[in-house]
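What follows is a set of notes on a single structure, which appears directly below.
What follows is calculated from the coordinates using simple rules that are stated; it is not laboratory data. Quick caveat: nothing in here was measured; it's all calculated off a predicted structure. Don't worry about glycine lacking a Cβ; one is built from the backbone with ideal geometry, like all the others, and counts go over all protein chains shown.
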Amino acid sequence: MSNWWKKQNIGTKYFTIFGITLALFVITLSIVFMQFYRLSGNVEKMDQASRQEILLTEMGSIVKEKTIKAYSYQFQPNETTVKQYEEISEHLTTLEENVEGIILSSQAEAFEQYKTINNQFNHLFFNELIAAILMDNEIIVTNTLRQMEVLNSQTIDILYDLRSQYEQMRQESNETTFSNITRSAIVILIATVLTIALSGIIIVRLNRSISNGLKNVVHTANEISEGNLSIGDIQTSSTDEIGQLSTSVNHMKNNLKAMVEEIQHVSQTVTIQSEALKESSNEVQQGGEQVAATMQQLSAGADQQADAASEINEKVNVFTSLISNTNTLGEDCFQASSEVLQSTSSGKELMKNSVEAMENIYENVEQSFQKIGGLEQKTKEVSSLVEVIQGIAAQTNLLALNAAIEAARAGESGRGFAVVAEEVRKLAEQVSQSLEGITTIVNGIKTESKIISESLTTSFHLVKEGTESIRITGDTFGTIHEHIQTMGERIQTMTHNLQDVTKTSKDINMSIESIASVTEESAAGIEETAATIEQSNHSMEEIASSAKNLSQLSEQLNVLVTKFK
């Protein structure tokens, strides 16, 4: 593995590090995706359990409402009450179908038991209670109502048990969701730390390897630039760019060393031959050197200017491309913000509808609360009436007793009157017994009315609080809508500015191309000028060429040779 790593170039090494980091990142994303997939399943279970709780709670309320209607029919035996009872039953049937479609298999038996009891309740109402009330048979009415009350209690208990099971399931899903979130956070943290640590270690080692190699190369190059060719070769076992550079520097040093030795020999020969011509060609040499140096500087300056203009042109092209890409991203961002703005508008409208729905529910609960209050008042009036009837029955019984005493005193002539008095006394006793049953029923109605009143009071406050919360949420959606709209306008302004910058960059690019063209023409002019000077010095070619070349070569070689060790 170490030998393979040394043979790779720097680009491959950095690409390998990038690949390792990317692989770790992909693994981290996969783990996070799996955790969030589990999390979505738990959230779906929580949502299903919450919907079932709401449906079962509503069914319990409707079952109580059916019971109230059944009791109401005793005092209001008309078709309106029966029709209202049928409408409530139909609504309850609809809810049963909704619940039955998503009921758990473990709860199916209990739900079937609930349906059986509900059918028995309806049977008692339609087939026994209505007939008994129409026949004015108080005993059957009382027994039927008692049976219906027992069935109602059983129904409420079953629905409460089912709702409790869903509530427990929702709590368990909530705990599981929280556990998954915590686990996901820990996994992300550990994976991120491992990725950063591993990538950092590899990059630090690679940078250290490159830095050490470059230090050796720079040190050797500095020694060579100072004329020290006796320095040892750079030791390297790598074949990447740093290793190749080290090998090239070693070859350059050895070639320079051989070249310097050859130059020393040539320099000695040239020095001896150039002494004879040095004095006669001195003036011509000085003029030619001055002109040549000036032309070289001009030519080098023109070349540097042309290179700089070309480099600037390339950088401006890159800058223009980046601006164009940024402009495209700005347009995409503006399109995305427009879509978000549209979604926010829809959410705002939906929140408005939710507020209206909650207000309607609030009004319905308030009306039901008021009707229950009226029912309690009517129950009190019935109780007062029962007390009055009890008093009349007691007086009637007392009168019948007095009549019987008087009939006994009258003897044979009062026997018929005694029979009448006995019948009146029996009638008074029956009335007293009936009043006792009525009193029991009225007291039961009072108790149920009080319980329903307390439940509606709690529902009344909860609905009120829910309405206020939804109203505040609607206002928040409105604020979000305004902020997103402002953000979209700013993004659009930024896009227009980027378009202007792109246009300006293109104009700058054209100007730089023009400068490069002029610089190239200047360089060509300098070359032509140099050629003209060479023609003017042609008459001095024999003397100047010999003296100048020999003198320059001798001096340059002597200077160069003295620099190297």
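Identify the trypsin sites (Lys or Arg not before Pro) of the range 153-192 meeting these criteria: DSSP loop state and at most 11 other C-beta atoms within 10 Å of the C-beta.
none
Assuming a ≥ b ≥ c are the square roots of the Cα gyration tensor eigenvalues, decide whether the range 1-227 counts as rounded (a/c under 1.5), prolate (otherwise, with a/b larger than b/c) or oblate.
Prolate.
Can you run phi through the Karplus equation (6.51, -1.76, 1.60; θ = phi - 60°) for the range 212-217 and list ³J(HN,Hα) in whole Hz, with x for Gly and Pro?
So the J values, rounded to whole Hz, are 4, x, 5, 4, 5, 5.
Beta carbons within 10 angstrom, averaged per residue: use that to sort the peptides 129-138, 54-63, highest first.
Taking the mean over residues of other Cβ atoms within 10 Å, the ranking is 54-63, 129-138.
Once the dipole of the range 104-243 is set up with Lys and Arg at +1 and Asp and Glu at -1 on Cβ about the Cα centre, which of Val187, Gln147, Leu104 lies farthest towards its positive end?
Towards the positive end, the residue furthest out is Val187.
Could you tell me the calculated FRET efficiency between Gln296 and His496, based on Cβ-Cβ distance and R0 = 45 angstrom, to the nearest 0.05?
Details: r = 51 Å, r/R0 = 1.13.
So the FRET efficiency works out to roughly 0.35.
Which of the peptides 106-117, 149-160 is most tightly packed, and how do the rest follow, going by the mean number of other Cβ atoms within 10 Å of each residue?
Details: 106-117: 14.5, 149-160: 17.4.
Per-residue mean Cβ counts within 10 Å order the peptides as 149-160, 106-117.
List, in the order given, every pair from Lys115/Lys371; Lys378/Lys446; Lys215/Lys257; Lys352/Lys464; Lys371/Lys450; Lys83/Lys446 whose Cα-Cα distance in the structure shown is over 18 Å.
Violating the 18 Å limit, Cα to Cα: Lys115/Lys371; Lys215/Lys257; Lys83/Lys446.
Calculate the dipole size of the range 115-258 relative to its Cα centre from +1 charges on Lys and Arg beta carbons and -1 charges on Asp and Glu beta carbons; express the result in debye to the nearest 20.
1040
Looking at Pro77, Ile88, Asn137, which one has the Cα that reaches farthest to the positive end of the dipole of the range 28-184 (charges on Cβ: Lys, Arg +1; Asp, Glu -1)?
Value: Ile88.
Please sort 141-147, 418-424, 24-30 by packing, taking for each peptide the average over its residues of neighbouring beta carbons within 10 angstrom, highest first.
141-147, 418-424, 24-30
Ser384 versus Arg205, label points 7 Å from Cα toward the beta carbon: distance in nm?
About 9.8 nm, to one decimal.
Using label points projected 7 Å from each Cα along Cα→Cβ, tell me how many nm separate Lys83 and Leu256, to one decimal.
Between Lys83 and Leu256, the label points sit 11.3 nm apart.
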